[in-house]
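Undergrad: The structure follows.
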Protein chains: 2
Amino acid sequence: MALKSLDDLFVHFLRDMHNAEQQVLAALPAMSDSAAGELRKTLDDHRDETEQQIANLERVFEMLGVEPDGVNCTAIDGILAEGRAIIAEAEQRDAREAGLIAAAQAIEHYEITRYGTLFAWATELGKPEAAKLLRANLEQEYAADRKLTDLAGRTLNREAA
Amino acid sequence: MALKSLDDLFVHFLRDMHNAEQQVLAALPAMSDSAAGELRKTLDDHRDETEQQIANLERVFEMLGVEPDGVNCTAIDGILAEGRAIIAEAEQRDAREAGLIAAAQAIEHYEITRYGTLFAWATELGKPEAAKLLRANLEQEYAADRKLTDLAGRTLNREAA
């Protein structure tokens with residue numbers, strides 16, 4: 001890793017997100033399998049969105065003429081490990097659903113902060129087409145997070161009823 | 001770890017955040033040392049805020065009558081490891097500052113999602129005093145994140161000028 005300039009950092013963080021999204025794509029089926037109903041559907045929909053986001057990132061790599069591989073995202077490693085622990089340990093349905101939603105929101109928030117940063121850097125570095133694709137990913141993550149917040153509220157209220 | 005119920009999950013995530021905040025408190029001085037000017041002051045201010053947030057969490061543990069220790073937050077481990085790599089590798093001032101801000105925002109977003117979840121669960125579990133303290137932490141994290149976004153914009157514009 002050589003991160004001398006903002007350009008280097010931009011490529012490094014793009015690779016970090018490309019790896020993160022692939023790890024998320026691999027993790028979502030197990031999360032979905034341990035969920036039911038609307039939460040399961042939300043996680044399955046997010047799998048499709050994640051595939052689109054990976055495709056958007058790959059268009060950015062093509063524009064820049066660099067390879068997407070080479071960075072392991074240690075942050076998402078840790079976030080997903082917490083999610084797996086919840087799936088393995090939470091026994092009651094309300095705890096498992098609440099825990100799964102919290103795990104999914106931790107993923108979304110990591111992606112929100114990274115795409116927010118990448119969008120700002122792409123704009124700064126004079127790459128409007130890359131910025132547009134990164135903004136599309138950012139907005140999709142915000143929407144997914146809002147959906148999960150809404151679902152968490154309804155899930156908790158249902159359990160309380 | 002036994003996360004049978006939402007109560008168990010609430011205590012587990014409180015402990016996770018208590019460990020995360022302590023890791024952040026330990027990491028902030030090195031981040032501050034590699035920054036200058038307004039960014040350095042922002043990171044130093046956030047160190048004071050982090051101490052207050054730990055005190056708020058410890059009041060919640062007292063209310064619940066449980067010990068704060070016993071969970072290692074693997075998510076923040078990974079987020080802080082990425083931050084350390086940026087400090088070690090970013091050579092040019094604009095890259096280092098932009099990278100430090102991005103690392104700090106990844107910390108804030110993890111804390112935002114967790115305090116958001118903990119606030120919702122405390123409310124759901126009928127613990128309004130705990131909810132109030134968790135909401136105070138949540139709002140402080142939102143404010144810190146907004147400050148960093150603002151600082152990132154001004155830093156990048158300064159470098160571009």
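Undergrad: Answer yes or no: is there a residue in segment B:69-84 that is of a type in the set (G, A, S), at pLDDT 95 or above and more than 21 Å from A:L3 (Cβ to Cβ).
TA: No, because not a single residue in segment B:69-84 is of a type in the set (G, A, S), at pLDDT 95 or above and more than 21 Å from A:L3 (Cβ to Cβ).
Undergrad: Any idea which residue in segment B:106-121 is nearest to the other protein chains (Cβ to nearest Cβ), counting only those that are more than 21 Å from A:G78 (Cα to Cα) and in contact (Cβ under 8 Å) with a residue 12 or more places away in the chain?
TA: B:W121
Undergrad: Further question on the same structure: Run down A:D69, A:D45 and say which single residue is outside any helix (DSSP H, G or I) and surrounded by fewer than 17 Cβ atoms within 10 Å (Cβ to Cβ).
TA: From the options A:D69, A:D45, the qualifying one is A:D69.
Undergrad: Quickly run through segment A:122-147 and pick out the residues that are within 14 Å of chain B (Cβ to nearest Cβ), assigned to a helix (DSSP H, G or I) and in contact with an Asp or Glu (Cβ under 7 Å, 6 or more places away or on another chain).
TA: A:E141, A:A144, A:D145
Undergrad: While we're here: Which of the residues that make up segment B:1-14 are under 18 Å from A:A88 (Cα atoms) and assigned to a helix (DSSP H, G or I)?
TA: B:L6, B:D7, B:D8, B:L9, B:F10, B:V11, B:H12, B:F13
Undergrad: Report whether or not B:A75 is in contact (Cβ under 8 Å) with a residue 24 or more places away in the chain and touching a Gly at 6+ places or on another chain (Cβ under 6 Å).
TA: For B:A75, the condition - in contact (Cβ under 8 Å) with a residue 24 or more places away in the chain and touching a Gly at 6+ places or on another chain (Cβ under 6 Å) - is met.
Undergrad: Right, something else. Only one residue in A:A98, A:A27, A:A103 is touching a Phe, Trp or Tyr at 6+ places or on another chain (Cβ under 8 Å) and touching a residue at least 12 places away in the same chain (Cβ under 8 Å), so which one is that?
TA: Details: A:A27 fails: touching a Phe, Trp or Tyr at 6+ places or on another chain (Cβ under 8 Å); A:A103 fails: touching a Phe, Trp or Tyr at 6+ places or on another chain (Cβ under 8 Å).
Only one candidate passes the filter, namely A:A98.
Undergrad: Tell me which of these A:N56 doesn't satisfy, since it passes every other one: (1) more than 14 Å from every other protein chain (Cβ to nearest Cβ); (2) surrounded by fewer than 22 Cβ atoms within 10 Å (Cβ to Cβ); (3) modelled with pLDDT under 95.
TA: For A:N56, the failing item is (3).
Undergrad: Additional query: Checking A:R93 against (1) surrounded by 18 or more Cβ atoms within 10 Å (Cβ to Cβ); (2) under 30 Å from B:A122 (Cβ atoms); (3) more than 7 Å from chain B (Cβ to nearest Cβ), which single condition isn't satisfied?
TA: The number of the failed condition is (1).
Undergrad: Here is a check on your reading of the model: is A:A88 in a helix (DSSP H, G or I) and either crowded, with 16+ Cβ neighbours inside 10 Å or under 13 Å from the mean Cα position of the chain (by Cα) (or both)?
TA: Here the answer is no, as A:A88 does not meet what is asked.
The values are calculated or read from the model by the stated rules, or taken from the named source; none is laboratory data. Being a predicted model, the structure only gives us computed values, none of them experimental. When we count neighbours, we look across all protein chains shown, and the Cβ atoms used for this are built from the backbone with ideal geometry, even at glycine.
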